[in-house]
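J.: To start, I am sharing the structure in question, which I have written as structure tokens.
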Amino acid sequence: MKEIKTVDAVGQILCHDITQIIRGVTKDAKFRKGHVITEEDIPILLSLGKENIYVWENDDSKLHENDAAEILRQITQGEGLQATPVKEGKIELKATYDGVFHVDEAKLNAINEIDEICIATINNKIPIRKGKSVSGMRVIPLVIDKSKMDNVKNLAGDLPLMKILPYKKFKVGLIVTGSEIYHNRIEDTFTPVIESKLKTFGLAIDERRISDDSKEMTMTHINELLKIGCEMIICTGGMSVDPDDRTPAAIRDSGAEVVTYGVPVLPGAMFMLAYYGEVPIMGLPGCVMYCSKTVFDLVLPRIVTGEILTRKELRHLGAGGLL
């Protein structure tokens, strides 16, 4: 940094805060470090007793925090995200629509390992509402070596690290299993729960079938729903390891490719996910009916964005899977 006359400081960058004290009114920084001095600032600085000030001395090997923050924005801001104006070297990203937040964690961690870099986000792959912040970023010092920011850009690659996947519209088919419901011995209390959870994402149950506990009837209903164009199929009940719980077998024999039967999430360990082409078929255990948060709440938002989930991703839900 260097000391210069205030009257010559237009366009220069402050290296320190300058405090204004008005007795009984305020005692706060009138100008923050990193502020770019304008012509209008000169009389104010002089009124604060600043005939001389300390400014950043640029040697072309460093970047100001605002310029560095802009680089961080460029490498992170993907679809569905809007940036706030840079303020004191900090930029936030906010969702421009409802959806599921995605961040490339491997690249994010590699970039954050560079000294003086700070990029923070919300948890990965969770639902987010329009207007909510998903990330904040800045560099730690007032100025940073250009070489570090070049390293940041190289690690980031060509694609933005973050994005919001929007929710899509699906024609939903529901199969409620259980002989006690099929024969009208008890009331179906599972359907209202599914209706409520789908409504959160602008979806409804378009087709509903009731099956007894036989594998054949459940499989027939699955194939029927596929034939009439359902784009998501949910099967409720019959998912445990008891001999008369045959929903997993019905899903397998429908011709769907099973991704997993069982996940490290509680409640909901007996969850099944399969795909018939790109149509997700989910088998929901009974806990979804009576527990407020289950595996269904983790998986459904991602399914509704059209994401094709893999066995590895589902098997890695254990950290944070105790709901």
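The values are calculated or read from the model by the stated rules, or taken from the named source; none is laboratory data. Please read all numbers here as calculations on a predicted model, not as lab measurements. Cβ placement follows ideal geometry from the backbone for every residue including glycine, while neighbour counts extend to all protein chains displayed. These accessible areas exclude ligands, DNA and RNA; they are computed on the full protein's heavy atoms, side chains included. Shrake-Rupley method; radii C 1.70, N 1.55, O 1.52, S 1.80 Å.
J.: Can you tell me which residue is least open to solvent (accessible area, probe 1.4 Å) among those in region 19-47 that are within 18 Å of VAL143 (Cβ to Cβ) and aliphatic (A, V, I, L, M)? Before the answer, list the steps.
T.: Initial filter on region 19-47 (within 18 Å of VAL143 (Cβ to Cβ)): 31-37.
Now drop any that are not aliphatic (A, V, I, L, M), which leaves 36-37.
Details: VAL36: 70, ILE37: 5 Å².
In this case the residue turns out to be ILE37.
J.: Given the conditions (1) within 17 Å of ILE303 (Cα to Cα); (2) touching a residue at least 40 places away in the same chain (Cβ under 8 Å); (3) not β-branched (Val, Ile, Thr), and given that GLY238 satisfies all but one, which numbered condition is not satisfied?
T.: (1)
J.: For region 237-258, does any single residue satisfy the condition of being hydroxyl-bearing (Ser, Thr, Tyr), farther than 17 Å from HIS221 by Cα and at pLDDT 95 or above?
T.: No, every residue in region 237-258 fails to be hydroxyl-bearing (Ser, Thr, Tyr), farther than 17 Å from HIS221 by Cα and at pLDDT 95 or above.
J.: Could you tell me which numbered condition ASN151 fails, if it satisfies all but one of (1) open to solvent by 60 Å² or more (accessible area, probe 1.4 Å); (2) free of Cβ contacts under 8 Å to residues at least 40 places away in the same chain; (3) touching a strand residue (DSSP E or B) at 6+ places or on another chain (Cβ under 7 Å)?
T.: Every condition holds for ASN151 apart from (3).
J.: What number of residues within region 225-279 are among the small types (Gly, Ala, Ser) and in contact with a Cys (Cβ under 7 Å, 6 or more places away or on another chain)? Outline the logic, then answer.
T.: The initial filter retains those residues of region 225-279 that are among the small types (Gly, Ala, Ser), namely 229, 237-238, 240, 249-250, 254-256, 262, 268-269, 274, 277.
Checking which are in contact with a Cys (Cβ under 7 Å, 6 or more places away or on another chain) leaves us with 268.
Qualifying residue count for the region: 1.
J.: On to the next question. Could you list, in sequence order, all residues of region 48-101 that are open to solvent by less than 10 Å² (accessible area, probe 1.4 Å), β-branched (Val, Ile, Thr), free of Cβ contacts under 8 Å to residues at least 60 places away in the same chain and under 25 Å from LYS132 (Cβ atoms)?
T.: The one that is open to solvent by less than 10 Å² (accessible area, probe 1.4 Å), β-branched (Val, Ile, Thr), free of Cβ contacts under 8 Å to residues at least 60 places away in the same chain and under 25 Å from LYS132 (Cβ atoms): ILE91.
J.: Oh, and also: Can you find, within region 117-142, the residue that is nearest to LYS293 (Cα to Cα) among those that are touching a Cys at 6+ places or on another chain (Cβ under 7 Å) and in a loop (DSSP other than H, G, I, E, B)?
T.: The selected residue is ILE140.
J.: Would you tally the residues in region 182-220 being under 14 Å from LEU284 (Cβ atoms), open to solvent by less than 40 Å² (accessible area, probe 1.4 Å) and either in a loop (DSSP other than H, G, I, E, B) or of a type in the set (Phe, Trp, Tyr) (or both)?
T.: Total satisfying the criteria: 2.
Conditions (1) out of contact with any Gly (no Cβ under 6 Å at 6 or more places or on another chain); (2) open to solvent by 10 Å² or more (accessible area, probe 1.4 Å); (3) charged (D, E, K, R); (4) not in a loop (DSSP other than H, G, I, E, B), marked per residue:
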| site | (1), (2), (3), (4) |
| --- | --- |
| ALA249 | yes, yes, no, yes |
| ARG252 | yes, yes, yes, yes |
| VAL258 | yes, yes, no, yes |
| MET270 | yes, yes, no, no |
| MET282 | yes, no, no, yes |
| PRO301 | yes, no, no, yes |
| GLU307 | yes, yes, yes, no |
| LEU314 | yes, no, no, yes |
| LEU317 | yes, yes, no, no |
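J.: Answer yes or no: is there a residue in region 160-176 that is open to solvent by 60 Å² or more (accessible area, probe 1.4 Å), modelled with pLDDT under 95 and either in a loop (DSSP other than H, G, I, E, B) or of a type in the set (Phe, Trp, Tyr) (or both).
T.: no
J.: With respect to ASN112, determine if the residue is of a type outside the set (Lys, Arg), in contact with a strand residue (DSSP E or B) (Cβ under 8 Å, 6 or more places away or on another chain) and under 30 Å from ILE22 (Cβ atoms). I'd like the intermediate steps shown before the answer.
T.: Working: of a type outside the set (Lys, Arg): yes; in contact with a strand residue (DSSP E or B) (Cβ under 8 Å, 6 or more places away or on another chain): yes; under 30 Å from ILE22 (Cβ atoms): no.
No: the conditions fail for ASN112.
J.: Return the pair list, or none, for Cβ contacts closer than 6 Å from residues in region 300-313 that are among the small types (Gly, Ala, Ser) to residues that are at pLDDT 95 or above and open to solvent by 20 Å² or more (accessible area, probe 1.4 Å), at least 6 apart or on different chains.
T.: GLY306/LYS168
J.: Restricting to region 102-129, give me the number of residues that are within 16 Å of ARG73 (Cα to Cα), hydrophobic (A, V, I, L, M, F, W, C) and surrounded by 18 or more Cβ atoms within 10 Å (Cβ to Cβ).
T.: Going through region 102-129 one residue at a time, the tally reaches 5.
J.: On to the next question. Out of curiosity, is MET239 open to solvent by less than 40 Å² (accessible area, probe 1.4 Å), touching a Leu at 6+ places or on another chain (Cβ under 8 Å) and not in a helix (DSSP H, G or I)? Quick ask: steps written out before the conclusion?
T.: Working: open to solvent by less than 40 Å² (accessible area, probe 1.4 Å): yes; touching a Leu at 6+ places or on another chain (Cβ under 8 Å): yes; not in a helix (DSSP H, G or I): yes.
Yes.
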